[in-house]
Amino acid sequence: MGIVCPLGHDVATMWDNILNCRSGMNQTTIFDASTYPTKFCSEVKNFDFTKYTKNPELHKNGNRHSKFAIGAVAGACRQAKIEVENENPNDGVSRRRMGIYLGAGEGPVDSDIFFNSIVQGWNDAASAMDWEKWHAYSAGKMQAAFELEQEPNMPAAHVAMFTGARGPIRSCLTACAASTQAIGEAFKILQSGQADVMIAGGAHSMIHPLGIMGFNRLTALSTRNDSPETASRPFTASRDGFVIGEGAAMVVLETLESAQKRGVEILAEVIGYGSSSDAFRVTDMHEEARGAVTAIEAALKDANVSYKDIDYISTHGTSTSENDSIETLAIKTVFKEEAKNTPVSSIKSMMGHLIGAAGAAELISCVLAIRDQVLPPTTNYNDPDPALDLDYVPNKPRKAEVNIAMKESFGFGGQNNVVIIKRY
């Protein structure tokens, strides 16, 4: 496993911060957000991708999230004993049998250059762009490589160059459910026999004017500017939106035969994956939670386990009014009499919402919960919503027996993805 996130640039630091209930949220510094309704976020601070690669020139045009991906993959491959940046690796993994599946979003644009180039190149008389005027202004400011880096598949391309992986390569952009989908579908690629090893996860950064503007227009972000550290408060009565974050989270998935042959430590076993669509609205979950219920039930069926076997649920838990209510309804619908006895929590209360990287980061916390037999908490849980009555592991971690854990992710567009893991 590897991670670069607001709570740390490695898994151990992230986990220590979660178990000590530390917040990664503060005033936005990536750009001047002083005139926006939301003036804070959850940034990755002091990250230098050149520390993770011998060939920084190869990745220098990579966007912010592509560089996060390099750091996260470096950590995951180090733990998995997979060599990177080596033309002739001696780690027992055929690069033709090693693939990549990432959930990644569009790259953050330099909005000032982009918008000014349009203004400077616009011909009012013709109501059209004047290519010569546009080119004269933007030459030297917007490189072709920079523009290319806006494509969602670029993080996967950088990871391929970094690791030498030449097997199946996929990239999905299913909003907040993307990295959970990537892990689930990478699991299926391994089951199908197309690869022995899959690097899977997500990378995303939307902390830029266009991203913040869009979410503010949707009233999806918290505007608790007087208290950023406590703004993300999933499942509470006073929740008023999510806190946007950024980062990358990666796992190395491997067939049992390959892992045993290489003699690497097995951290957990992926046993089930379920996916569905709400087919409802692009920004709202179906009020009866039909999509979420379908994905959870599909994952349980694929894993060949009962809801009674699940020891812990890592929720999507965004801290928006709608998500937390409907997710709670989905859990109650599927888990029936066991719903109130099954602990659930949201580490977004500390980390913020990493969008396309969120699911993978939270799945890593599930692996750590199984390893350490401790449940990560939902912090800032000081005013329970009377309508939401599950066990949200409030405010501090809890020792517990955890053998099977479930990770839920629900994205804009009605995308629902669920992965189940167990102790190996």
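The values are calculated or read from the model by the stated rules, or taken from the named source; none is laboratory data. If you're wondering where the values come from, they're calculated on a predicted model, not measured in any experiment. Reconstructed Cβ throughout: ideal geometry from the backbone, glycine too, with neighbour counts over all protein chains shown.
Counting the residues of the stretch 300-340 that are over 25 Å from Gly245 (Cβ atoms) and in contact (Cβ under 8 Å) with a residue 12 or more places away in the chain gives 20.
If the condition is being assigned to a loop (DSSP other than H, G, I, E, B) and closer than 13 Å to Pro155 by Cβ, then the stretch 51-71 contributes Asn61, Gly62, Asn63. With the condition kept exactly as written, say whether any residue in the stretch 230-247 is crowded, with 21+ Cβ neighbours inside 10 Å, touching an Asp or Glu at 6+ places or on another chain (Cβ under 6 Å), among the β-branched types (Val, Ile, Thr) and within 24 Å of Asn17 (Cα to Cα). Yes, the stretch 230-247 contains at least one residue that is crowded, with 21+ Cβ neighbours inside 10 Å, touching an Asp or Glu at 6+ places or on another chain (Cβ under 6 Å), among the β-branched types (Val, Ile, Thr) and within 24 Å of Asn17 (Cα to Cα). Just name the residue that is farthest from Val270 (Cα to Cα) out of those in the stretch 175-186 that are buried (at least 24 other Cβ atoms within 10 Å of the Cβ) and not small (Gly, Ala, Ser). So, considering only residues that are buried (at least 24 other Cβ atoms within 10 Å of the Cβ) and not small (Gly, Ala, Ser), the one farthest from Val270 (Cα to Cα) is Cys176.
With respect to being under 21 Å from Ala357 (Cα atoms) and in a strand (DSSP E or B), Ile313 fits the description. If you go through the stretch 237-267 and pick out every residue that is part of a loop (DSSP other than H, G, I, E, B), touching a Ser or Thr at 6+ places or on another chain (Cβ under 8 Å) and of a type in the set (D, E, K, R), you end up with 2. Scanning the stretch 250-304 for residues that are touching an Asp or Glu at 6+ places or on another chain (Cβ under 7 Å), surrounded by 21 or more Cβ atoms within 10 Å (Cβ to Cβ) and among the charged types (D, E, K, R) gives a single hit, Glu254.
Hey, any hits in the stretch 323-339 for a residue that's over 22 Å from the mean Cα position of the chain (by Cα) and not in a helix (DSSP H, G or I)? No: zero hits. Restricting attention to the stretch 367-424, the residues that are of a type in the set (Ser, Thr, Tyr) and out of contact with any Ser or Thr (no Cβ under 9 Å at 6 or more places or on another chain) total 1. Among the residues making up the stretch 25-63, those that are at pLDDT below 95 and buried (at least 22 other Cβ atoms within 10 Å of the Cβ) are Gly62, Asn63. If I filter the stretch 8-24 for residues that are closer than 27 Å to Gly167 by Cα, modelled with pLDDT of 95 or more and either assigned to a helix (DSSP H, G or I) or assigned by TED's automatic domain parsing to the domain that holds Gln373 (or both), do I get at least one hit? Yes, because at least one residue in the stretch 8-24 is closer than 27 Å to Gly167 by Cα, modelled with pLDDT of 95 or more and either assigned to a helix (DSSP H, G or I) or assigned by TED's automatic domain parsing to the domain that holds Gln373 (or both). The set of residues from the stretch 156-169 being touching a helix residue (DSSP H, G or I) at 6+ places or on another chain (Cβ under 7 Å) and either in a helix (DSSP H, G or I) or surrounded by fewer than 24 Cβ atoms within 10 Å (Cβ to Cβ) (or both) comprises His158, Val159, Met161, Phe162, Thr163, Gly164, Arg166, Gly167, Pro168, Ile169. The sole residue among Pro209, Pro234 that is over 24 Å from Ala182 (Cα atoms), at pLDDT 95 or above and not small (Gly, Ala, Ser) is Pro234. Within the stretch 1-25, being among the charged types (D, E, K, R) and within 24 Å of Ile266 (Cβ to Cβ) holds for Asp10, Asp16. For Leu256, the stated conditions do not hold, so it cannot be described as over 30 Å from Leu267 (Cβ atoms), at pLDDT 95 or above and hydrophobic (A, V, I, L, M, F, W, C). Taking Asn417, is it polar (S, T, N, Q), under 30 Å from Asn153 (Cα atoms) and in a strand (DSSP E or B)? Against the criterion (polar (S, T, N, Q), under 30 Å from Asn153 (Cα atoms) and in a strand (DSSP E or B)), Asn417 qualifies.
A single member of Val282, Val270 is in a strand (DSSP E or B) and in contact with a Gly (Cβ under 9 Å, 6 or more places away or on another chain), and it is Val270.
Could you tell me whether the stretch 79-90 includes any residue that is closer than 27 Å to Val11 by Cα and part of a helix (DSSP H, G or I)? Within the stretch 79-90, one or more residues are closer than 27 Å to Val11 by Cα and part of a helix (DSSP H, G or I). Residues that are assigned to a loop (DSSP other than H, G, I, E, B) and under 30 Å from Ala400 (Cβ atoms) occur in the stretch 25-43; there is at least one.
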